[in-house]
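Here's the structure, in structure tokens; my notes come after.
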Amino acid sequence: MDGKKISKVLYTLRVKVITMIVADFRIIPVGAGTSLGDYVKAVYKLLDEEGISYLPGPMSTSVETETLKDLLDIINSVNQMLAESGLQRIMTTLNIDYRLDKEASMESKLGDVGEQDLREHIRCKGI
């Protein structure tokens, strides 16, 4: 095997062994009015039923997956569920942190900031 092939094999093995995706998404049901709580609750119920690790936020929801396919399957399931509820238009925003160098999780990302730092920041902002 030449050096190029070995590098490709090592890269492929590394990607398969160390792949963690932390993403957040926001889904906006257009034309649904100003109160979206029922839609948010339905999304959380779906995530719970599917056993998906998620973290609710004030403006979006974060999830952890091992593959991009898994992530896009989640987004597809959520959009399908909302479409089946009668919505005619759904806008989705997705932010992806695709790590190949080390394992990452929502917890580790929050831990990097530090719980005390987060509390101080919220206090400073008057929240």
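Every read-out reported here was derived from the displayed coordinates using simple, explicitly stated rules and does not represent laboratory data. Quantities reported herein were computed from a predicted structural model and do not represent experimental measurements. Note that each Cβ is placed from the backbone with ideal geometry, even for glycine, and that neighbours are counted across all protein chains shown.
Just to be sure before I move on: is TYR98 more than 12 Å from ILE27 (Cα to Cα) and in contact with a strand residue (DSSP E or B) (Cβ under 6 Å, 6 or more places away or on another chain) in the structure I sent?
Yes; evaluated as a whole, the condition is true for this residue.
May I ask you to verify whether GLU103 is more than 23 Å from LEU36 (Cβ to Cβ), touching a residue at least 24 places away in the same chain (Cβ under 8 Å), within 16 Å of the chain's Cα centre (by Cα) and not in a strand (DSSP E or B)?
yes
Could you check how many residues of region 21-80 are of a type in the set (Phe, Trp, Tyr) and within 13 Å of LEU94 (Cβ to Cβ)?
1
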